[in-house]
1. Rg and Dmax of region 313-395, using alpha carbons, in Å: what are they?
2. Give the relative contact order (percent, whole number) for region 99-420; include only Cα pairs under 8 Å separated by 6+ residues.
3. Write down, largest first, the equivalent ellipsoid semi-axes of region 99-420 in whole Å, where each equals the square root of 5 times an eigenvalue of the alpha-carbon gyration tensor.
4. In region 314-420, which chymotrypsin sites (Phe, Trp or Tyr not before Pro) are in a loop and have at most 12 other Cβ atoms within 10 Å, using DSSP for the loop call?
5. What is the distance in Å between the Cα centres of region 145-178 and region 314-351?
6. Got a sec? How would LYS297, LYS177 order by Cβ neighbour count within 10 Å, fewest to most?
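What follows draws every value from the coordinates through simple rules; no lab data is involved. Only a predicted model underlies this, so the values are computations on that prediction, with no experimental measurement involved. Note that we place each Cβ from the backbone using ideal geometry, even for glycine, and neighbour counts take in every protein chain shown.
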Amino acid sequence: MDQLWVILSVITLAAVAGLILVVGLFRGRGGKTKQLPPTPAPTEQPERTPPKANTYKPGAGAKIDTSGGTATLDRPTATPPTTPPPADTAPAPAPTDPEPELAEPTAPSLERPESARGRMARLRERLSRSNTALGKALLALLAGGKLDDEAWEEVEDTLLQADLGVEATTEVVDSLKTRVQVAGVVDEDEVRGWLHEELLKQVNPTMDRRIAASRVDGRPAVVLVVGVNGTGKTTTVGKLARVLVAEDKDVVLGAADTFRAAAADQLETWGARVGVPTVRSDREGADPAAVAFDAVKGGAESEADVVLIDTAGRLHNKSNLMDELGKIKRVIEKQSPIDEVLLVLDATTGQNGLRQAEVFAEAVDVTGIVLTKLDGTAKGGIVVAVQRQLGVPVKLVGLGEGPDDLAPFDPAAFVDAVLD
Ligand SMILES: Nc1nc2c(ncn2[C@@H]2O[C@H](COP(=O)(O)OP(=O)(O)OP(=O)(O)O)[C@@H](O)[C@H]2O)c(=O)[nH]1
């Protein structure tokens, strides 16, 4: 019995120990609940931190390098680099003087410029309209009958006001005085005749006023057009191209006014209207001498009759600008002689134009004067003054803003227009 009791006690102990073991195991394998931190309450989506601003600023001259492609460039450049830049260095700067290009005229229908004969009749009338005041004043004085000192002084003043200049005025008045004294009478028609003769003498009809616009020695004639700002250079080149086209000349224009971007456009438009090509640079401030050089080259290659080169307006008292003009001339002459240098003077600036003329004549050998805006002044006497001063003839006159308002200067017609 004692033995049975011992066996039962052992079994009971074993059972209790087993139970304790099972519970322990259960708790050790996860039965124990781990306290998780509380799930934070949903908050608003935090704002996205903006990316740091891009502080890279391309340099003014930066551009996408397209040189690796095979696309044809619209505008060929004159000076491609001869050696490729080292790989790690900055890209080579753009060539300083892109080659001027020959811009073919694009006008769909070409204008037919007015013939020289047609324009002369029209322009003579316009000239006389603006100058008859001078003629009338003189004739009234001279034919007035009473030619005392005071009257002669008035004649003198009238001529001076017309910008004839002191020397020419003195000569005209002295001659007339003598003729009146010798004749003893003053008849209006006779006085008109004398005045006509005296003025014509001053305008000097013996000067050669032809424009060099025909091929010489198998090359085109080269005409350079110079002057101060706003005198009408570009307009004159455009009008002159029309005069020459009307005479069946092959003309090439050179836009060497690279100072003002619109000047090349303006010239190109003039050319396109009559089917004349323009050599120009697309870059404002390009070397004008290079453009002039290329225009002359283009003219020679296309076997043109004449190349007309427009230059930027420049003040005669700015020596660097006058030096630049000398450079343009020298660079052209590396390729071809210059046959004509036309100085454009604004007739309305009167005696101021004379000083300009002197300085330009020193910088480049002026061979002819274009007197513009003669339609807007009664000071036609400037023709006489400038010719005397430079010993260079007035070859063309501008008589309006219209495309065909440029005429060859005809001394007799000019004096007629003044005295009509
Ligand atoms: N009334 C009149 N106006 C003219 C004549 N010639 C030119 N003009 C005008 O003068 C102004 C200046 O002419 P442009 O040809 O641009 O002068 P520019 O000398 O080339 O000027 P820059 O290149 O700035 O020096 C324009 O409004 C022309 O229409 C003319 O004979 N008579």
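1. 13.2, 42
2. This gives 28 percent for region 99-420.
3. With the √(5λ) rule applied to region 99-420, the semi-axes are 40, 20, 15 Å.
4. Answer in residue order: no site qualifies.
5. Between the Cα centre of region 145-178 and that of region 314-351, the gap is 35 Å.
6. Working: LYS297 19, LYS177 13.
Fewest-to-most ranking of LYS297, LYS177: LYS177, LYS297.
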